[in-house]
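Worksheet for the structure shown next.
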Amino acid sequence: MLTPVYNFKNNSYPSKRVAPYRPFYRFNNRSDSYSFKGSEGLIERENMRDLESLARAYKEVFEVLDLKTDEGIKKIEKDIEGLKLWKGITFCNVGKEKNTVYLNVPRSKKAGGIMKIVVSTEDSKKSKTWLIKDFSKVVKNSSLKSNNYEFYSQEEIEKYGLNKELKSLIEDIDPMLLKLRIAVQKRNGQDLKPSAAVLTEDMSAKLRNIKFLNSEIDSILDTKSRKTVIKLKDEFGDYNGITGQAAHMFKNVGPDKLKIVCSSVQNINHGEMMRLLAFNRDDEIVAGFLFKDFDKIVSNYNPKYIAVIPEKLNFVNINEIEDEKYSKELPELLSLAEAKLESFKSFLLTPPPSPKNTGFLNSSDMFLVTSILSDFAEVSKRFDSLTPMQVFKIKDSYPNLEIAAGKRAFTFKIQNSVSKAQKISVLPVQSKYNTNLTKFTVACENGEPDETFLLKDNNKVVKNYNPQYPNVIPEVLKFYDEDEIKTLELSGYLQDLNSEMSAFRNYVFEQTNIETKPVKIKHCVERKIRENKKLRVQKTDYDKLNKKAFKLLVKNCTEDFNSAIKSLNEKPEEFKEMMDSIQKRVDEYLFNKTKTDSNF
């Protein structure tokens with residue numbers, strides 16, 4: 001039998017009168033608990049009782065160790081040769097074989113009830129791992145996912161002599177554990193950590209309420225379809241939805257526009273805990289807190305590794321709790337998180353307002369939009385008839401136009417502004433699902449952020465267009481109502497843009513009246529000849545003479561044309577006269593040649 005467990009609280013061993021044995025493992029609804037008809041075999045009752053006794057001693061030891069500083073734990077390790085107290089207990093020189101034994105007992109009810117014992121030989125060449133569930137069943141295969149373990153059957157337990165081997169192992173561990181209990185008792189009350197600080201009642205109440213709000217929100221959303229849930233989160237505006245995210249995160253929180261999430265988390269060793277995280281606009285963690293029992297702050301939690309919860313928890317003590325991080329920053333973040341959850345819950349419970357009618361621009365604004373797009377189309381058509389170099393020269397020479405390579409929009413610098421705009425650009429656009437769209441972008445004074453408006457059919461303003469993703473146009477468009485359109489102050493912007501667009505259109509037409517693409521006379525002549533190819537006759541000596549005359553005509557016309565081009569900017573009237581003269585000579589040549597050939 002094992003040595004009785006020492007009671008640290010009463011500083012004594014229990015009396016000889018022991019309470020009746022009540023095994024941890026419960027045989028639920030079985031008429032014959034020990035018939036072993038099932039596939040999962042059970043170890044002997046005595047081994048069950050001894051394993052449970054080991055587990056109680058293990059937990060009582062760690063209840064004391066949890067109160068000690070790291071230095072205090074090192075002192076206990078020095079008292080026993082080869083002892084290590086990290087993620088369990090490791091004993092050296094155990095039993096006759098001088099083996100090394102590692103023992104770990106889950107301290108949380110949600111840890112799966114798996115006791116782990118690893119026995120290694122002195123040279124560490126061989127080792128055997130025991131995994132025992134509920135102090136009664138030996139795990140045969142632990143490679144399966146989750147807690148779906150495969151256990152030894154009753155026949156296998158008897159075949160491999162597991163009861164005898166386990167009993168011998170327990171007898172080897174028991175004296176070593178007794179030695180550790182005595183060493184712990186010897187230093188009981190020494191090297192204690194400072195007392196853990198307890199949160200104020202207000203902060204503790206906020207944490208409990210946050211847990212309650214998360215639960216309430218989950219219950220509401222569980223009654224709705226997935227499509228409806230996504231729609232509600234999107235309509236709330238400040239909900240930061242991430243695929244696979246279980247907790248509720250919110251953005252644009254507080255004056256610093258933080259992202260905040262506060263929710264409960266489950267840990268195999270420590271059970272339920274609360275976690276609060278805050279991120280800046282660049283998704284960098286600016287604050288992170290882990291709470292135990294709604295009133296203590298874990299001091300050794302590193303928010304950079306969000307999912308990693310220390311196996312051994314240290315708590316913020318009474319000397320550290322006065323730090324501004326805990327006394328000022330933490331209460332503010334808890335209040336912000338609670339307020340956002342309250343707001344989201346109210347939003348979910350509030351019936352959606354009846355949709356308002358789509359608003360339209362007033363008649364004067366519609367006229368301005370139509371005028372702007374008409375001028376835009378005329379200018380674009382005129383540019384299509386010019387060479388890229390000519391287009392560039394015209395744009396570059398216009399002082400109020402901002403040009404950039406590959407830019408299709410016309411961006412104007414506003415000089416005499418009716419509105420507060422410094423620059424306004426306009427560009428007709430379309431998508432796979434929507435056409436007849438126009439995008440206006442306004443750069444305002446005093447460094448205010450740019451405003452972008454997307455118009456449909458020259459009279460409606462799109463509401464669900466996000467200028468942060470300029471190339472993404474929603475498949476289904478939503479529009480501002482009449483009251484919302486009034487707050488956009490579009491009239492002033494449209495007046496400024498219409499004035500600039502009209503002036504630019506007039507300038508382009510003025511410049512393109514004298515801009516002409518250079519054309520080679522030879523091509524004009526050859527085109528005329530191809531049009532009259534049906535009038536060709538058999539080749540004669542007279543044709544050879546006409547070919548020489550044709551070459552001479554081309555030469556003379558080309559020289560005259562080059563001369564006219566040089567004087568184009570100074571004397572445009574002479575250029576027109578010279579072009580008429582060249583055309584006349586070409587017509588006379590073709591007419592005379594056709595007439596002569598017909599007579600011939």
Inset, instruction - Note the full-extension length gain between Ile565 and Asp256 as 0.36 nm times their separation in residues minus their Cα-Cα distance, in nm to one decimal. - result: 104.7 nm
Legend entry - Residue-span extension gain [Glu63 to Glu489] - 0.36 nm each, minus C-alpha spacing: 146.6 nm
Legend entry - Highest-first arrangement of 84-93, 490-499, where packing means the average Cβ count within 10 Å: 490-499, 84-93
Inset, instruction - Step through the residues of segment 420-434 one at a time and calculate ³J(HN,Hα) from phi using the Karplus curve (6.51 cos²θ - 1.76 cosθ + 1.60, θ = phi - 60°), rounding each to whole Hz and writing x for Gly and Pro. - result: 9, 7, 9, 9, 9, 10, 9, 7, x, 9, 7, 10, 4, 9, 9
Inset, instruction - Before anything else, pin down the relative contact order of segment 105-217: Cα pairs under 8 Å, at least 6 apart, normalised by residue count, whole percent. - result: 11 percent
Legend entry - Estimated distance in nm for a label pair at Tyr160 and Lys478, the labels positioned 7 Å out from Cα along Cα-to-Cβ: 6.1 nm
Legend entry - Model label zone, Lys84; criterion: amide N under 19 Å from point 7 Å along Cα-to-beta-carbon; scope segment 157-185: 173, 176-177, 180
Inset, instruction - Provide the gained length on full extension for the span Gln422 to Lys393, in nm with one decimal, where the gain is 0.36 nm per separating residue minus the Cα-Cα distance. - result: 8.1 nm
Inset, instruction - Mind ranking 398-407, 470-479, 249-258 by how tightly packed they are, going by the mean number of other C-beta atoms within 10 angstrom, highest first? - result: 249-258, 470-479, 398-407
Inset, instruction - Compute the label zone of Asn357 within segment 444-464: residues whose backbone N is under 17 Å from the point 7 Å along Cα-to-Cβ. - result: 459-461
Inset, instruction - Divide, for segment 332-465, the radius of gyration over alpha carbons by 2.2 N^0.38 Å, where N is the residue count. - result: 1.47
Legend entry - Arg187-Ser264 FRET efficiency (beta carbon distance; Förster radius 35 Å; 0.05 resolution): 0.45
Legend entry - Rounded if a/c under 1.5, otherwise prolate or oblate - segment 286-381, Cα gyration tensor axes: prolate
Legend entry - Base-10 log of normalised Debye intensity for segment 389-491 (one unit scatterer per alpha-carbon) at q = 0.13, 0.14, 0.19, 0.22 Å⁻¹: -0.55, -0.63, -1.06, -1.27
Legend entry - Rounded to whole Hz, the Karplus (6.51, -1.76, 1.60) HN-Hα couplings of segment 261-270, x for glycine and proline: 9, 9, 7, 8, 10, 9, 10, 5, 9, 10
Legend entry - Volume in Å³ per residue [convex hull over Cα atoms, computed for segment 191-281]: 157 Å³
Legend entry - Computed FRET value (nearest 0.05) for Asp123 with Arg208, which takes r as the C-beta separation and R₀ as 35 Å: 0.05
Legend entry - trypsin sites (Lys or Arg not before Pro) within segment 106-214, DSSP loop, no more than 14 other Cβ atoms inside 10 Å: Lys109, Lys110, Lys125, Lys126, Lys145
Inset, instruction - Determine which residues of segment 235-275 fall in the zone a paramagnetic label at Arg281 would reach in this model, i.e. backbone nitrogen under 19 Å from the point 7 Å along Cα→Cβ. - result: 237-241, 250-261
Legend entry - Cα gyration tensor category, rounded, prolate or oblate, for segment 158-221 with a/c compared to 1.5: oblate
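Read the figures in this text as sums done on the coordinates, not as results from a lab. What you are looking at is a predicted structure, and each value in this text was computed from that prediction instead of being measured. Every residue, glycine among them, receives a Cβ derived from its backbone with ideal geometry; neighbour counts consider all protein chains shown.
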